[in-house]
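A.B. asks: Below is a structure I'd like to ask you about.
What follows draws every value from the coordinates through simple rules; no lab data is involved. What you see is a predicted model; the values in this text were computed from it and never measured. Here Cβ is always computed from backbone atoms with ideal geometry, including for glycine, and neighbour counts include all displayed protein chains.
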Amino acid sequence: MAQETILIIDDEKEIRNLVGIYLTNEGYNILKAADGLEGLAYLENETVHLVILDIMMPRMDGIQACMKIRESKNVPIIMLTAKSQDMDKIMGLTTGADDYVTKPFQPLELVARVKSQLRRYLRLNQMNGNLQTNTSEKMDVISIDDLCINVTTHDVTVEGREIKLTPREFAILELLARNPGVVFNTEKIYERVWNEPFYESENTVMVHIRNIREKLEDNSRSPRYIKTVWGVGYKIEL
């Protein structure tokens, strides 16, 4: 059974309890917070492996809480949004969320997304802790002009300047950088990075690409690293 700890931040007690029951049945340890400030306090004092974060909350909403979490932690964040809040979904992804689920939602769908996020997060952590990685099978450092990607430590620099990427953003950048010249459409990027079937997720990938460009470059309208092949997808060229 799983032993990872999941923090549920939602001002609706019924949702906290419902989600908590389903995740407890999967073997996860559960922490519950009623708003962003209470959630941040848990993150300061507890080891948390994934955060489920509602957007609309008192005192500190989900967008603000997401930004604060990303200042110091790279744990996966799944946002909960209302169906009509499309801009909130985009804002959530822009500020560092890895995925989102719209309310009302099927608890089993949320559980599946939690498992998918944790699989990738734990696998990347395991890779980072394995100092004996066979470099003939997996490059430790990828250099493209002034862009340097260390896949062991997850450090990214441009002209020596440190770039803070979310786990999902790093995974997309690594995928493209490991396959220079290869064009990946949004479906392939989603399936390779999210490790689940592509379903109406084109906008999710596009928002992540935009975020990466804005962090890597001063002018994302004329991208230097991630190129758009119109009507096809994205690539990085050496």
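A.B. asks: Taking the Cβ of each residue in Val183, Val101 as the centre, tally the other Cβ atoms inside 10 Å and list the residues starting with the fewest.
C.D. replies: Fewest to most other Cβ atoms nearby, the residues stand as Val183, Val101.
A.B. asks: Taking a cut-off of 18 Å, what percent of all Cα-Cα pairs in the stretch 5-129 are separated by more than that?
C.D. replies: For the stretch 5-129, the fraction of Cα-Cα distances above 18 Å is 47 percent.
A.B. asks: Starting from the stretch 140-236, pick out the GluC sites (Glu not before Pro) whose DSSP state is loop and whose Cβ has at most 14 other Cβ atoms within 10 Å. Show your work: numbers first, answer last.
C.D. replies: Details: sites: Glu159, Glu162, Glu169, Glu174, Glu187, Glu191, Glu200, Glu202, Glu214, Glu217; in loops: Glu159, Glu200, Glu217.
Qualifying residues, ordered by number: Glu159, Glu200.
A.B. asks: Which distance in nm do the two modelled labels at Met60 and Lys164 give, with both placed 7 Å along the Cα-to-Cβ direction?
C.D. replies: In this crude spin-label approximation the distance works out to 1.4 nm.
A.B. asks: While we're looking at this one, here's another question. On a full-extension model of 0.36 nm per residue, what is the gain between Glu26 and Leu122, subtracting their alpha-carbon distance, rounded to one decimal in nm?
C.D. replies: The span from Glu26 to Leu122 would gain 32.9 nm if fully extended.
A.B. asks: If we sort 19-26, 51-58 on the protection proxy, mean other Cβ atoms within 10 Å, highest first, what's the order?
C.D. replies: On the way: 19-26: 15.6, 51-58: 22.8.
Result, highest mean first: 51-58, 19-26.
A.B. asks: Still on this structure, I have one more. Give me Rg/Rg_expected for the stretch 141-236, where Rg uses Cα atoms only and Rg_expected = 2.2 N^0.38 Å with N residues.
C.D. replies: 1.01
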